[in-house]
1. Take every Cα pair under 8 Å in the range A:48-154 that's 6+ residues apart, average their separations, divide by the length, and report that relative contact order as a whole percent.
2. If you take each beta carbon of peptide B:80-92 and count the beta carbons of other chains within 10 angstrom, what is the mean?
3. Return the loop-located trypsin sites (Lys or Arg not before Pro) in the range B:4-54 (DSSP other than H, G, I, E, B) with at most 12 other Cβ atoms within 10 Å of their own Cβ; answer none if there are none.
4. Please list, or write none, the lysines whose alpha carbon is within less than 29 Å of the alpha carbon of A:K140, excluding same-chain residues fewer than 8 places away.
5. For chain B, modelled as a GNM with alpha-carbon contacts under 10 angstrom, which of B:A79, B:A23, B:A132 fluctuates the most?
6. If I model a spin label at A:R34 and A:D13 as a point 7 Å from the Cα along the Cα→Cβ vector, what separation in nanometres do I get?
7. Which shape class applies to the range A:60-104: rounded if a/c is under 1.5, otherwise prolate when a/b exceeds b/c and oblate if not, where a ≥ b ≥ c are the square roots of the Cα gyration tensor eigenvalues?
8. Would you compute, from DSSP H runs of 4+ residues alone, the mean residue ellipticity of chain A at 222 nm, taking -39500 (n - 2.57) per run and dividing by the full residue count, rounded to the nearest 500?
There are 2 protein chains.
Amino acid sequence: MDRFLSHYVHSVDSKGRVSVPAAYRQVLASRGIRDLFSMRDLYLPVMNVGGPELMSHFEAKMETLDPFSPEYQELAILAYGDGTYLKSDSEGRIVINDLIREHTGITDRATFVGVGKMFQLWRPEDFEEKIAALRERQAKHRSAATGSAGTTER
Amino acid sequence: MDRFLSHYVHSVDSKGRVSVPAAYRQVLASRGIRDLFSMRDLYLPVMNVGGPELMSHFEAKMETLDPFSPEYQELAILAYGDGTYLKSDSEGRIVINDLIREHTGITDRATFVGVGKMFQLWRPEDFEEKIAALRERQAKHRSAATGSAGTTER
DNA sequence: GGGGATATCATGGGACCCCATGGGCGTCAA
DNA sequence: TTGACGCCCATGGGGTCCCATGATATCCCC
């Protein structure tokens with residue numbers, strides 16, 4: 001169990017602090033991640049959070065691109081110019097700074113969403129909406145593929 | 001005997017705990033599953049429960065995609081972000097959390113339904129209804145085919 | 001084969017620990 | 001000085017562990 005799974009809604013206090021879910025802290029420990037690194041998502045009003053290897057993830061992608069292409073520039077800005085370290089306090093809390101607040105719209109509650117090697121920070125309402133939309137689309141895809149509706153399958 | 005079979009109705013206590021049927025616990029042991037993971041069914045108000053391989057369906061599809069594409073990200077959210085861990089206590093009980101309660105409508109009793117490689121959690125009334133509907137449909141099919149009336153049973 | 005001893009299982013309750021959350025205080029820099 | 005930030009302590013509730021109980025199934029010995 002070394003992957004970020006499941007999701008949690010935690011509240012942001014008046015100082016902007018949020019507890020990182022205990023389950024995630026265990027994953028961080030088992031992966032030897034001490035410094036959290038976060039960057040804005042390319043498509044969604046969401047922060048991607050993980051260890052410093054998040055950057056190498058981007059670097060690997062960048063190596064496949066022309067250094068003078070717009071995509072490369074974009075990625076470079078996102079990876080280097082936009083990322084921030086998130087120091088966690090002695091209780092394992094991080095602070096929702098202005099950049100996160102602005103990009104995600106998070107105010108007094110934040111949803112932590114595990115996506116395997118990293119996790120994300122969502123505005124709770126946005127996440128619920130997204131999940132509902134994704135589930136609906138998946139259901140349509142699958143019933144379209146099998147021709148069967150909601151009967152017992154598998 | 002490494003498949004989940006049959007169904008059991010167990011009661012949920014005031015703390016939200018339910019005993020996982022002993023037969024299922026044996027299957028879990030023989031499959032080497034320690035951490036239970038549950039996902040909402042796409043069509044029914046039912047939880048699908050199994051080991052981490054529940055996600056393999058999504059992971060297989062993800063491997064064919066560019067990790068930077070929106071499609072990949074959406075699948076990751078569905079596979080990892082939706083659903084929850086079910087920690088089981090020392091007696092082999094799991095806790096019906098709010099997400100399960102909300103999706104299934106389970107209150108004080110839960111039906112465990114074996115479906116081979118995983119099992120499901122149903123609201124007992126829903127399951128009985130489902131079974132009745134299936135049996136009725138079968139009976140119709142049969143009488144239509146053979147011309148004989150009445151429900152054929154063992 | 002019958003009946004008592006024993007093991008397994010579902011379920012309940014109590015105690016305790018951890019976690020999420022809030023508040024206070026000192027430090028450092030603008 | 002003031003606000004941002006790091007560190008400490010406090011607290012309540014939820015979750016986990018341990019023990020208990022009754023019911024049922026299994027086994028064993030006479």
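1. Numbers: 63 pairs, mean separation 22.8, N = 107.
That works out to 21 percent.
2. Values: counts 13, 17, 10, 4, 5, 5, 1, 1, 0, 0, 0, 0, 0.
So the per-residue partner count for this stretch is 4.
3. Loop-located and lightly packed - B:K15, B:R34.
4. Here the lysines satisfying the reach criterion relative to A:K140 are A:K117, A:K130, B:K61, B:K117, B:K130, B:K140.
5. Greatest mean-square fluctuation among the candidates belongs to B:A132.
6. 2.5
7. Numbers: a/c = 4.74, a/b = 2.41, b/c = 1.97.
Note, shape of the range A:60-104 comes out prolate.
8. On the way: 5 runs with 57 residues, N = 154.
After summing the helix terms and dividing by the residues of chain A, the value is -11500 deg cm²/dmol.
The values are calculated or read from the model by the stated rules, or taken from the named source; none is laboratory data. None of these values were measured; they are calculated from a predicted model. Glycine also receives a Cβ, built like all others from the backbone with ideal geometry; neighbour counts cover every protein chain displayed. Just so you know, the surface numbers come from the protein's heavy atoms only, side chains and all, with ligands and any DNA or RNA stripped out. Shrake-Rupley method; radii C 1.70, N 1.55, O 1.52, S 1.80 Å.
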